[in-house]
Amino acid sequence: MIPIAPVTLELHGVRLEPMASEHAPALAAAAADGELWTLRVTSAPAPGDEAAYIATALNDRTRLPFVVRDIASNEVIGTTSFHDIVPALGRVEIGHTWYARTWQRTHVNTTCKWLLLRHAFEVLGCGVVGFRADNFNLVSQDAIARLGAKRDGVIRHHALRRDGTVRDTVMFSIVAGEWPEINAHLTYKLAQRGKRC
């Protein structure tokens, strides 16, 4: 697997671009659409915490964070990342994902995941791409499963939530041999992008 470096990816009016400190006001506006910081199972920054949120993402040497931009409006509508990157194993995870409420349950999530999966498998040469979700975040678990990822199991008492409680983490993955079929499936779904993906 080649070293992972910042990259810009684009498809169907959605652009993933490397996160930078100047994105703080735009991420604040995106998180305000739905007051996402009030959700127990998301990582969206609370008002005033955007700079620290970005700094944490940029200082994590096992993470490559992106902002998600709607090209037509030039509006930042959320964020996603490669994270827990292990080059020696050819493994990355996709996560730290959230979108402004207006863009949830649209083609955006499928588009972003397809862009990241294609980059991971076809450019970086990954052997596996992982996903994780809070055990109570059933919406995210369903979205991950709809991509074609397999549920690997649950890590009990694994991570802190923003409210101080400890969550169980549900782990999913896609291995390289599954990518051609999943690619065909997601390509078909995105061709129907007038429908909800």
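Given the criterion of a type in the set (D, E, K, R) and either surrounded by 20 or more Cβ atoms within 10 Å (Cβ to Cβ) or in a loop (DSSP other than H, G, I, E, B) (or both), identify the matching residue among 163, 142, 168.
163
Being in contact (Cβ under 8 Å) with a residue 40 or more places away in the chain and closer than 21 Å to residue 104 by Cα is the filter here, so list the residues in region 173-197 that pass it.
186, 187, 189, 190, 193, 196, 197
What number of residues within region 11-44 satisfy the criterion of being surrounded by 19 or more Cβ atoms within 10 Å (Cβ to Cβ), of a type in the set (A, V, I, L, M, F, W, C) and assigned to a loop (DSSP other than H, G, I, E, B)?
Number satisfying all stated conditions: 2.
Pairs needed: first member in region 142-158, more than 20 Å from residue 114 (Cβ to Cβ); second member anywhere, in a helix (DSSP H, G or I) and of a type in the set (Lys, Arg); C-beta distance under 9 Å; at least 6 residues apart or different chains.
none
Against the definition (surrounded by fewer than 21 Cβ atoms within 10 Å (Cβ to Cβ) and under 19 Å from residue 8 (Cβ atoms)), how does residue 123 come out, yes or no?
yes
Between 129, 108, which is closer than 14 Å to residue 190 by Cα and either under 11 Å from the mean Cα position of the chain (by Cα) or hydrophobic (A, V, I, L, M, F, W, C) (or both)?
108
Can you tell which of 79, 111 is modelled with pLDDT of 95 or more, buried (at least 16 other Cβ atoms within 10 Å of the Cβ), part of a helix (DSSP H, G or I) and on the phi < 0 side of the Ramachandran plot?
On inspection, the qualifying residue turns out to be 111.
Just the residues that are farther than 21 Å from residue 142 by Cβ and part of a strand (DSSP E or B), please, taken from region 84-108.
84, 85, 86, 91, 92, listed by residue number.
Among the candidates 63, 69, which residue alone is of a type outside the set (Val, Ile, Thr) and surrounded by 21 or more Cβ atoms within 10 Å (Cβ to Cβ)?
69
Give me the pairs, please: first residue somewhere in region 39-65 and in contact (Cβ under 8 Å) with a residue 12 or more places away in the chain, second residue anywhere and hydroxyl-bearing (Ser, Thr, Tyr) and surrounded by 15 or more Cβ atoms within 10 Å (Cβ to Cβ), beta-carbon distance under 6 Å, and either six or more positions apart or on two chains.
45/53; 63/81; 65/81
The values are calculated or read from the model by the stated rules, or taken from the named source; none is laboratory data. All of these numbers come straight from a predicted model, not from anything done at the bench. Positions of Cβ are backbone-derived with ideal geometry, glycine not excepted, and every protein chain shown enters the neighbour counts.
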